[in-house]
1. Specify which of the listed residues (Ile71, Ile84, Ile89) is aliphatic (A, V, I, L, M), under 29 Å from the mean Cα position of the chain (by Cα) and assigned to a helix (DSSP H, G or I).
2. Looking for whichever is buried (at least 20 other Cβ atoms within 10 Å of the Cβ) and not small (Gly, Ala, Ser) here; the options are Lys415, Lys374, Lys389. Which one fits?
3. Is there a residue in region 105-117 that is in contact (Cβ under 8 Å) with a residue 40 or more places away in the chain, out of contact with any Leu (no Cβ under 8 Å at 6 or more places or on another chain), over 27 Å from Leu213 (Cβ atoms) and outside any helix (DSSP H, G or I)?
4. Looking at Gly184, is it in contact with a helix residue (DSSP H, G or I) (Cβ under 6 Å, 6 or more places away or on another chain), closer than 26 Å to Ile372 by Cα and of a type outside the set (Val, Ile, Thr)?
5. Among the residues of region 134-180, write down those that are in a loop (DSSP other than H, G, I, E, B) and more than 13 Å from the chain's Cα centre (by Cα).
6. Which helices (runs of 4 or more DSSP H) does region 240-325 wholly contain that include 1 or more residues that are free of Cβ contacts under 8 Å to residues at least 60 places away in the same chain and acidic (Asp, Glu)?
7. Output the residue which, of all residues in region 228-239 that are touching a Phe, Trp or Tyr at 6+ places or on another chain (Cβ under 7 Å) and in contact (Cβ under 8 Å) with a residue 24 or more places away in the chain, is nearest to Ser16 (Cα to Cα).
8. Which of the residues that make up region 473-514 are at pLDDT below 70 and of a type in the set (S, T, N, Q)?
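The values are calculated or read from the model by the stated rules, or taken from the named source; none is laboratory data. All values derive from a computational prediction rather than experimental measurement. For neighbour counting, all protein chains shown are included, and Cβ atoms are generated from backbone atoms with ideal geometry for every residue, glycine included.
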Amino acid sequence: MTNSEEEDLIQLNLLSIQGKYSKILSLLENYDENGRTLSPQHHLSCMLIKCKALLCLFKLEEASELIDLVIKENKKLKEDLIYIDALIIKAEILGQLGKIDNCKKTVDQAFNFVLSSPLKETSAFMQKLVLIYNYNGALNWLEGELNKALENYQKGFELGTKIQDKYSIAISLSNIGAIYWRIGNLTQALRIHEDSLPYFKDLSAEIEIAVVLGNIGEIYRQKGVLQKALEYHHQSLTNLKQLGNVWFISRELLYLVSLTLDIAVIEKTPFEKANEYLIELEKISNDADNKVINQRYLVAKALILKTSSRTRDKGRAEIIFQEIVNDETLDYEVSFEALLNLCDLHLMELHASNNPEILLEVQSLVNRLFEIAKKQPSYTLLSNAYLLKSKLALIQLDTKKAKNFLDQAQQICEKKGLKGLAISISNEYDVLLSQLTKWEEFIDRNAPLAERLEFTEFKTIVDQMLKKKMKELPKESKDDPVSILILEDRGTTIFSKHFSLDSDTMADDQIIGGFLTAINSFMQSTFSSTGYLERIKHKDYTLILKTKAPFTFCYVFKGQSYSAMKKLNRFITQVKESDSIWASFLRYVRSTILPSEPEKRALDTIAEMIFL
């Protein structure tokens, strides 16, 4: 490759980092028109950069054809770095086209190629490995595996730090920050996003700078600091306009319409700024001829109409949202926004009319939301959909179904690493347990729909989702342990340990006595389902029951149940992993011989370490 060609690649790569993709295509077109003779290596390198530009401009079919050609032509050259880059870009294209299985296979192919190369310890290969770690993290995120995603992003950050590559460090940091944002740790997310900015600025990576600024804006919005959010979103929009990337500009304008409406409602001011952003978005929509951008414009227009005090405008907003919902929507964020706003409009009507038919329409919308979340899959959205379904079940006086929906929501959050949401949903469950007597009263007297609606605070939850307001990661409230019991399927206690005696209320045995009916009912109905979990409230005490066939573990405590469930799960895991203790339990099932004193002491030690 000549010096001139190397200078060309430096310029093209710099433009790519800066997000100036249209200019890249223009320069490469000039190369072709001028009939320049390029070396085979330079020719393929230019084709790679063109593929990346087409991908970022969402010209996916053209990018897909070109990347296959690059891979085919590289079989003759056998340029390893070109091959790795081509596989990474091909994976990104497949991901954008929704071909996730093929995308994963391509990423694995790139990963295995790098690790098998004798050059894997060189900086150039390590840079590629950082990109692969980050792309694997993105795939983990898509599947809702946030813990695995964080692990991959951290590997990318560590490797980027090792080779002192600014882009590797910055992209890994911004992705780590996005994970903390998703799990609800807003302070940590904000700090890490801010840490990534100087690296991107040193590289003049304008697209990444704009994305990070927008993310920071959304974090401030979720913290409720709206003016700060507005400042960052406006900076992001300014950067994007300089780049001319209409895809990202349209998304940022939609965010700004929604945000400025929230501010205008709070400050009781006209919607002038929101209307200005809407006019910009309308022009982009008309020029772009892109369905997703058009739907973003329609959502923004409907949001302004919905916020109007005029009934006619709210009706027009409902028509637009319904059209978006009925249309083939390519962006699930747009579907989510439209469905949730339709829900809100129906709830307004329901509060005004108490018409039960409207409640059925709300239920249908929540079910649509649920199906979108499953299809995406978006586990945050799916958990929130379960929360809404739980509230609807309560409104319909079905407390058992309401508890079941909350259980499913929390299991998803725990499995997928959504800690903040897991704590919030666990707290919702605790509130429901404390209100069961009230709901039984509602059932007995068939309480009016309006009273049930108000008591569930259903609309408040929908409002919080619409305003994208998230509480800082809740602190875990410590539970106060009372007793732990292990019972076999006939109801016989194999092990019990009392941690405290509440002298001003009742002794531990009396507490357990108050739960006996519930325990027997639980064991009779659930032993076919190992892992089943139930929470029961009795006065100031809560009982968690969990099966690990052929045994039931019962933990009695006071306080919040989130930390209590974590303790119980750790206890069950340690008991199961102790071969001698688990064998002694199985021996009892066969012969009714209780665990020996040393085995009981070992259990005591495990229980004290975990619960106290």
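1. Ile89
2. Unique residue meeting the criteria: Lys389.
3. No, that holds for no residue.
4. So Gly184 fits the description; yes.
5. Result: Gln164, Asp165.
6. 246-267, 272-288
7. His233
8. Ser500, Ser503, Thr505, Gln510 - these are the residues of region 473-514 that are at pLDDT below 70 and of a type in the set (S, T, N, Q).
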